[in-house]
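Step one of this worksheet: look at the structure below.
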Amino acid sequence: MFFTLGVVPGATVTGAPGSIEVRRPGLAGYLDRSDIVLKNDAYTLKVNSQERWGEPLGDMIGRVLAQDLAQRLPGSSVFDQSGAITADPDARVELDILNFDVVGSGDMVLNATYAIEQGITHRPIAARHVSLSAAPAGAGARDLVAAMSMLLGDLAGQIALDASDRRH
């Protein structure tokens, strides 16, 4: 079975840059695979080769994060790096995902660092480490992917607030 992350609605924010590019996220190597990593215990990974991503995970996270941000920033034009748009943006969002999986407690965890920088000048606007978690509704891949989508939406909400807090 193939899975995809989904866009999750969130609160809208005003005052962000007019155009924002979401760069392809950096992924921890163990996540950069077609199989879904179901669980990450102390020294082992649980992977089911029957449950796979519908597209490369980094590309999918970038695309969905751009859609989540576009929904939260209605006054901004948000696009992702892997698309056809090559315009110079007013701001860029860069993301490194350190882990994004179920930990021993059963919670889905997203640990990531993001930076927002001004378009051409690359002047830093914000940089932050985030650690988010959510309890999946169940242990199946569908529930885990839903929890991942929710956490990605929460991350988009934090990025939207940071992008709008600082005028450029």
Taking the stretch 89-118 and keeping only residues that are out of contact with any Ser or Thr (no Cβ under 8 Å at 6 or more places or on another chain) and among the charged types (D, E, K, R), one is left with ARG92, GLU94, ASP101, GLU117
Residue by residue through the stretch 80-111, note down the ones that are touching a helix residue (DSSP H, G or I) at 6+ places or on another chain (Cβ under 9 Å) and over 21 Å from ASP143 (Cα atoms).
ASP80, GLN81, SER82, GLY83, ALA91, VAL93, LEU95
Taking the stretch 1-25, which residues are over 17 Å from PHE79 (Cα atoms) and of a type in the set (Gly, Ala, Ser)?
GLY10, ALA11, GLY15
Tell me, which residue of the stretch 124-168 that is part of a helix (DSSP H, G or I) and β-branched (Val, Ile, Thr) is nearest to ALA91 (Cα to Cα)?
ILE159
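What number of residues within the stretch 77-103 satisfy the criterion of being among the polar types (S, T, N, Q) and in contact with a Phe, Trp or Tyr (Cβ under 9 Å, 6 or more places away or on another chain)?
The first filter runs over the stretch 77-103 and keeps only residues among the polar types (S, T, N, Q), leaving 77, 81-82, 86, 99.
From what is left, the residues that are in contact with a Phe, Trp or Tyr (Cβ under 9 Å, 6 or more places away or on another chain) are 99.
The number of residues fulfilling the criteria is 1.
Return the residue satisfying two criteria in turn: it lies in the stretch 11-22 and is buried (at least 19 other Cβ atoms within 10 Å of the Cβ) and not aliphatic (A, V, I, L, M), and of such residues it is nearest to LEU57 (Cα to Cα). Give the derivation first.
Quick first cut of the stretch 11-22, residues buried (at least 19 other Cβ atoms within 10 Å of the Cβ) only: 13, 16-17, 20-22.
Remaining after also requiring not aliphatic (A, V, I, L, M): 17, 21.
Numbers: PRO17: 27, GLU21: 18 Å.
Filtering first and then ranking leaves GLU21.
Yes or no: THR121 more than 24 Å from PHE3 (Cβ to Cβ) and assigned to a loop (DSSP other than H, G, I, E, B)? Step through it out loud before you land on a result.
Working: more than 24 Å from PHE3 (Cβ to Cβ): yes; assigned to a loop (DSSP other than H, G, I, E, B): yes.
Here the answer is yes, as THR121 does meet what is asked.
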Going by the structure shown, is ALA115 in a strand (DSSP E or B), without any contact (Cβ under 8 Å) to a residue 24 or more places away in the chain and either surrounded by fewer than 18 Cβ atoms within 10 Å (Cβ to Cβ) or of a type in the set (D, E, K, R) (or both)?
no
Pairs with Cβ under 8 Å, 6+ apart, first in the stretch 142-153 and closer than 12 Å to VAL7 by Cβ, second acidic (Asp, Glu):
LEU152/ASP68; GLY153/ASP68
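Got at least one residue in the stretch 82-100 being part of a strand (DSSP E or B), surrounded by 15 or more Cβ atoms within 10 Å (Cβ to Cβ), among the aliphatic types (A, V, I, L, M) and over 14 Å from the mean Cα position of the chain (by Cα)? Show your work before the answer.
At the first step, the residues of the stretch 82-100 found to be part of a strand (DSSP E or B) are 91-100.
Checking the rest, the ones that are also surrounded by 15 or more Cβ atoms within 10 Å (Cβ to Cβ) come to 91-95, 97-100.
Those left that are additionally among the aliphatic types (A, V, I, L, M): 91, 93, 95, 97-98.
Narrowing further to those that are over 14 Å from the mean Cα position of the chain (by Cα): 91.
Yes, some residue in the stretch 82-100 is part of a strand (DSSP E or B), surrounded by 15 or more Cβ atoms within 10 Å (Cβ to Cβ), among the aliphatic types (A, V, I, L, M) and over 14 Å from the mean Cα position of the chain (by Cα).
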I'm told GLY6 meets every condition in (1) without any contact (Cβ under 8 Å) to a residue 60 or more places away in the chain; (2) surrounded by fewer than 16 Cβ atoms within 10 Å (Cβ to Cβ); (3) closer than 19 Å to ILE97 by Cβ; (4) not acidic (Asp, Glu) except one. Can you identify the failing condition by its number?
(1)
Selection from the stretch 118-142 of residues over 18 Å from the mean Cα position of the chain (by Cα) and loosely packed, with under 15 Cβ neighbours inside 10 Å yields ILE120, THR121, HIS122, ARG123, PRO124, ALA137, GLY138, ALA139, GLY140
Answer with yes or no whether ALA70 is assigned to a helix (DSSP H, G or I) and over 24 Å from GLY140 (Cβ atoms).
yes
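All of the numbers you see were taken from the coordinates with simple rules; none came from a lab. The shown structure was predicted, so the numbers you read here are calculated from the model rather than taken from an experiment. Ideal geometry is used to build each Cβ from the backbone, glycine not excepted, and the neighbour counts take in all protein chains shown.
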